[in-house]
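Each remark here refers to the structure printed beneath this line.
The values are calculated or read from the model by the stated rules, or taken from the named source; none is laboratory data. Quantities reported herein were computed from a predicted structural model and do not represent experimental measurements. No Cβ is skipped: glycine too gets one built from the backbone with ideal geometry, and neighbour counts run over all protein chains shown. The accessibility values were calculated without ligands, DNA or RNA, using every heavy atom of the protein model including side chains. Shrake-Rupley method; radii C 1.70, N 1.55, O 1.52, S 1.80 Å.
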Amino acid sequence: MKNLWDDPAFVDELERVWTGCDADVPYLRGMVEPFDLPGTSVLEVGCGMGRLRSLFWKAGWWGMDGSPEMVERCASQGLSVERGAVYDTSIPD
């Protein structure tokens, strides 16, 4: 069975829809701000195209996604993303 998240056409459409869709950014920023601390690291599991990366200004950010297409999109933006699931990896100190 094909995974929808691995379909480049589907991901292109998501990117088109999400581009410029920033109405939720102040709400999301308020949610992550307590965790955005210098010297900390944030792992975003299911990071998709890395949209939430921009909300972490002080903390180190890295992402994980099970979709090779999403990991490729992140890599093309220079984001640090690994392919996999959280239960398949070890979290660095």
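Overview of values
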read-out: Check: the chain dipole with +1 on Lys, Arg Cβ and -1 on Asp, Glu Cβ, in debye; value: 200 debye
read-out: Relative contact order of the chain, pairs being alpha-carbon contacts under 8 Å that are 6 or more residues apart, as %; value: 25 percent
read-out: Ordering of 35-43, 64-72, 78-86, 50-58 by burial proxy (mean other Cβ atoms within 10 Å per residue, highest first); value: 64-72, 50-58, 78-86, 35-43
read-out: Candidates 45, 11, 25: whichever shows maximal mean-square fluctuation once the chain is modelled as a Gaussian network with Cα springs under 10 Å; value: 25
read-out: Accessible carbon and sulfur surface of the chain relative to its total accessible area, %, 1.4 Å; value: 58 percent
read-out: Per residue accessible area of the chain, 1.4 Å probe, in Å²; value: 67 Å²
read-out: Rounded, prolate or oblate (a/c below 1.5 giving rounded, otherwise prolate when a/b exceeds b/c) for the chain by Cα gyration tensor; value: oblate
read-out: Dipole of the chain, positive end: most advanced residue of 60, 11, 75 [Cβ charges, Cα centre]; value: 60
read-out: Computed [θ] at 222 nm, helices only, for the chain once each DSSP H run of length n ≥ 4 contributes -39500 (n - 2.57); value: -8500 deg cm²/dmol
